Amino acid sequence: MKNFTVERLSFETLTELPNSWQNQDYKNLLRETGYDNPDEIEPAELKAMCLMALTDLEPTEAAQLVLSYLFADQLNTGQIENLAHQMLTEKLWEENPQLTQHEDFYKATQLLFEAYNGKFPRAEAVQFQVQLTGEDADALTLFDTTPEAPLLRLLAQGMPDNTLLKRLFHKQLDGTSFPEAASIIWQLHPIKKEDKVAIFEVVSSAYWLDDFKYADSYEATTQADALVEEG
């Protein structure tokens, strides 16, 4: 167990995940819609052309196409058809039982929301920077491998007792096994690490970490997940 001073440096709400769709993705989706030569489109025009091609389809057809692209190796055709209908009204990046798929459900919904001007749910994510100051430089080694679990334990202590993360994952937060942590923190970027201080940039669903916007500066303890012996 290590002690840290935790300080929220910034906090903003996003409707689009950073770097979630690349130009190559837009080209691939255009090909899926039947567009012949996406390589000839100017890079600056690719997203607009992709959105336009999607809106030539019915919303559920477009949703099936995007889900098939993202989940081809994870979901079968029947599952994709069902989820495409659910996407029109449900926040699958929050409500789907498969946490590992939440980030891609968010990516799909943000694209379709933009294409169809609001026919799909509005997707909200959060992005913030947090500074961790340990008792000594050794404390930061907690974040050398699988940093999401020890970091979430620190973040949770800056949020209200009734926050969803604490209610659903109190055992994982208190213990040394939190495999779901990597699916709750979607993007994690080390910004700075020197001496006893580390700064991380976190991107996650508002569903899990919106309450961190109320955090200021506080003392907290955390521990790494226990290593499981391969055998």
- Message: Among the listed residues LYS27, LYS47, LYS91, identify the single one that is without any contact (Cβ under 8 Å) to a residue 24 or more places away in the chain and surrounded by 15 or more Cβ atoms within 10 Å (Cβ to Cβ).
- Response: LYS27
- Can you list the helices (runs of 4 or more DSSP H) found entirely within region 102-219 that contain at least 2 residues being in the same structural domain as LEU51 (by TED's automatic domain parsing)? 102-115
- Query: For region 117-144, what are the residues that are modelled with pLDDT of 95 or more and hydroxyl-bearing (Ser, Thr, Tyr)?
  - Reply: THR133
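HIS85 - would you say it is surrounded by fewer than 17 Cβ atoms within 10 Å (Cβ to Cβ), outside the structural domain of GLU201 (by TED's automatic domain parsing), in contact with a helix residue (DSSP H, G or I) (Cβ under 7 Å, 6 or more places away or on another chain) and part of a helix (DSSP H, G or I)?
Numbers: surrounded by fewer than 17 Cβ atoms within 10 Å (Cβ to Cβ): yes; outside the structural domain of GLU201 (by TED's automatic domain parsing): yes; in contact with a helix residue (DSSP H, G or I) (Cβ under 7 Å, 6 or more places away or on another chain): yes; part of a helix (DSSP H, G or I): yes.
Yes.
How many residues are surrounded by fewer than 16 Cβ atoms within 10 Å (Cβ to Cβ), of a type outside the set (Val, Ile, Thr) and in a helix (DSSP H, G or I) when one looks only at region 70-80? Break it down into steps so the answer makes sense when it comes.
Step one: filter region 70-80 for residues surrounded by fewer than 16 Cβ atoms within 10 Å (Cβ to Cβ), giving 72-74, 76-79.
Narrowing further to those that are of a type outside the set (Val, Ile, Thr): 72-74, 76, 78-79.
Right, trim to in a helix (DSSP H, G or I) and you get 78-79.
Adding up the residues that qualify gives 2.
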- Query: For region 50-68, what are the residues that are under 14 Å from ALA115 (Cβ atoms), surrounded by fewer than 19 Cβ atoms within 10 Å (Cβ to Cβ) and of a type outside the set (D, E, K, R)?
  - Reply: LEU51, MET52, THR55, LEU57, PRO59, THR60
- Note on the structure: Taking first residues from region 210-231 that are under 15 Å from GLU180 (Cα atoms) and exposed (fewer than 10 other Cβ atoms within 10 Å of the Cβ) and second residues anywhere that are at pLDDT below 95 and of a type in the set (A, V, I, L, M), the pairs with Cβ under 7 Å that are 6 or more apart or on different chains are none
- Task: Please work out if LEU188 is in contact with a helix residue (DSSP H, G or I) (Cβ under 9 Å, 6 or more places away or on another chain) and either over 30 Å from LYS47 (Cα atoms) or surrounded by 17 or more Cβ atoms within 10 Å (Cβ to Cβ) (or both).
- Result: no
- Note on the structure: Looking across region 1-13 at residues that are surrounded by 17 or more Cβ atoms within 10 Å (Cβ to Cβ) and within 20 Å of the chain's Cα centre (by Cα), the single one that is nearest to THR222 (Cα to Cα) is ARG8
- Note on the structure: Within region 36-57, residues closer than 16 Å to LEU111 by Cβ and assigned to a loop (DSSP other than H, G, I, E, B) come out as ASP56, LEU57
- Checked region 200-229 for anything among the aliphatic types (A, V, I, L, M) and within 16 Å of VAL6 (Cα to Cα); matches are VAL202, LEU209, ALA215, ALA220
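Given the residues ARG153, ARG167, which is the only one that is surrounded by 22 or more Cβ atoms within 10 Å (Cβ to Cβ) and at pLDDT 95 or above? Quick ask: steps written out before the conclusion?
Values: ARG167 fails: surrounded by 22 or more Cβ atoms within 10 Å (Cβ to Cβ).
Of the residues listed, the single one that is surrounded by 22 or more Cβ atoms within 10 Å (Cβ to Cβ) and at pLDDT 95 or above is ARG153.
The values are calculated or read from the model by the stated rules, or taken from the named source; none is laboratory data. In this text the structure is predicted, and so the values were computed from the model without any measurement. Note: ideal-geometry Cβ built from the backbone for every residue, glycine included; neighbour counts use all protein chains shown.
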